[in-house]
Amino acid sequence: MKDLPLNRLLITGAAGGLGRVLRPRLASLARVLRLADIAPIADPDPRDEVMSCDLANPAQVDAMVSGCDGILHLGGISVEAPFGPILNANILGLYNLYEAARRHGQPRIFFASSNHTVGFWKQTDRLGPDCTFRPDTLYGVSKVFGEALARMYFDKFGQETALVRIGSATAQPENHRMLGSWLSHNDLVALVEAVFRADRLGCPVIWGASANTRGWWDNSHLGWLGWTPQDNAETFRARIEATVPRPAPDAALSLYQGGLFTELPIHQEDGP
Ligand code: NAI
Ligand code: 15L
């Protein structure tokens, strides 16, 4: 375990939902946070560095990664979308990021992958780290690409990455599906810290979920990481039962781990 493990931690997607949650809570990880996004970043801390960067632009990505010894990669398209933006941000963007990392000392990477890499597994299935991918969207497919790319850079060059298949990282679980998929903000912060404080990381698959009684994912291969989620969506079950209509048993929200994403169409560039 390292005390202050990093000199400069890059946070991509820093203007996004999780970026805004995590930024103020990671001060103990690095001397400097470098915040990057294609969108404007509101209210940075005065000690933070702010950079505008399109992940699809290799020169901008190179400058963004230069001088960083850790990368929290949150940036990109985070839901289903037409293939063009996904291709640019999540596929070309990942390639640009890993090539820049290779040129700049191989900073450790926390890759925000997603449960939508395995979304067509049933909620009655229990998954370990070696399960078959069953992506439910082009978005999920792009995260499968990201995991495969990271694995190749590890096997070929020793580039360390945490492949974190985040479930539903919200302040509280919001529906019946999230009783299985929820990742609390506190547990996410603790996971980011564990990933960057570990002496050695390698390239593990990590299920990004709290200790949910109704969870679907097995993290028992991660004893060495020192991350023990503390929260449990079950705490909110009574409120959800009382306030959120229970979906029909044969509805996607009840059947599949990826929920409604399994039902989404292939979005066209200028169509629905
Ligand atoms: P978000 O959509 O709020 O934030 C993503 C950020 O990436 C945005 O600020 C956006 O401007 C930026 N971005 C998009 N295209 C870009 C480009 N071409 N170049 C540079 N920046 C670009 O997403 P959120 O919720 O904060 O999630 C963060 C990451 O975690 C995403 O990669 C998402 O796929 C992943 N994730 C999130 C989950 C959640 O529950 N919030 C669940 C599973 C995965
Ligand atoms: C994700 O991958 C998305 O980024 C997020 O917006 C949620 O939809 C989450 O998965 C989820 O499955 O709840």
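The values are calculated or read from the model by the stated rules, or taken from the named source; none is laboratory data. Predicted, not measured: the structure shown is a model, and the values here were computed from it. Every residue, glycine as well, gets a Cβ built from its backbone with ideal geometry; the counts of neighbours run over all protein chains shown.
Residues that are within 13 Å of ligand 2 (Cβ to nearest atom) and among the hydrophobic types (A, V, I, L, M, F, W, C) were ranked within the stretch 140-167; the one that is farthest from Tyr98 (Cα to Cα) is Ile166.
The strands (runs of 3 or more DSSP E) falling completely within the stretch 8-74 that include 1 or more residues that are among the hydroxyl-bearing types (Ser, Thr, Tyr) and at pLDDT 95 or above map to 49-52. Considering the stretch 135-149 alone, what residues qualify as being buried (at least 23 other Cβ atoms within 10 Å of the Cβ) and under 16 Å from Val205 (Cβ atoms)? Selection gives Gly140, Lys143, Gly146. Apart from one condition, Phe120 fits all of (1) within 22 Å of Leu222 (Cα to Cα); (2) assigned to a loop (DSSP other than H, G, I, E, B); (3) in contact with a helix residue (DSSP H, G or I) (Cβ under 9 Å, 6 or more places away or on another chain); the exception is (1). Close contacts from the stretch 137-164, counting a first residue that is in contact (Cβ under 8 Å) with a residue 60 or more places away in the chain and within 16 Å of ligand 1 (Cβ to nearest atom) and a second that is among the acidic types (Asp, Glu) and in a loop (DSSP other than H, G, I, E, B), with Cβ to Cβ under 6 Å and a gap of 6+ residues or different chains, come to Thr137/Glu80; Tyr139/Glu80.
Every listed requirement among (1) farther than 30 Å from Asp218 by Cβ; (2) in contact with a helix residue (DSSP H, G or I) (Cβ under 9 Å, 6 or more places away or on another chain); (3) of a type in the set (A, V, I, L, M, F, W, C); (4) not in a helix (DSSP H, G or I) is met by Leu92 save one, (4). Quick check: anything in the stretch 186-193 in contact (Cβ under 8 Å) with a residue 24 or more places away in the chain and over 19 Å from the mean Cα position of the chain (by Cα)? No. Restricting attention to the stretch 98-118, the residues that are over 15 Å from the mean Cα position of the chain (by Cα) and within 14 Å of ligand 1 (Cβ to nearest atom) add up to 1.
Of the numbered criteria (1) surrounded by fewer than 21 Cβ atoms within 10 Å (Cβ to Cβ); (2) of a type in the set (Ser, Thr, Tyr); (3) away from ligand 2 (no atom under 12 Å from the Cβ), the one Thr170 fails is (3).
The residues of the stretch 228-272 that are without any contact (Cβ under 8 Å) to a residue 40 or more places away in the chain, of a type in the set (A, V, I, L, M, F, W, C) and under 27 Å from Arg134 (Cα atoms), listed by number, are Ala248, Ala251, Ala252, Leu260. Of the residues making up the stretch 37-75, those that are within 23 Å of Ala194 (Cβ to Cβ) and surrounded by 20 or more Cβ atoms within 10 Å (Cβ to Cβ) are Val65, Cys68, Gly70, Ile71, Leu72, His73, Leu74, Gly75.
For the stretch 75-89, filtered to residues that are touching a helix residue (DSSP H, G or I) at 6+ places or on another chain (Cβ under 9 Å) and outside any loop (DSSP other than H, G, I, E, B), the residue that is farthest from Leu6 (Cα to Cα) is Phe83. Scanning the stretch 119-134 for residues that are away from ligand 2 (no atom under 11 Å from the Cβ) and within 15 Å of Leu264 (Cα to Cα) returns Phe120, Arg134.
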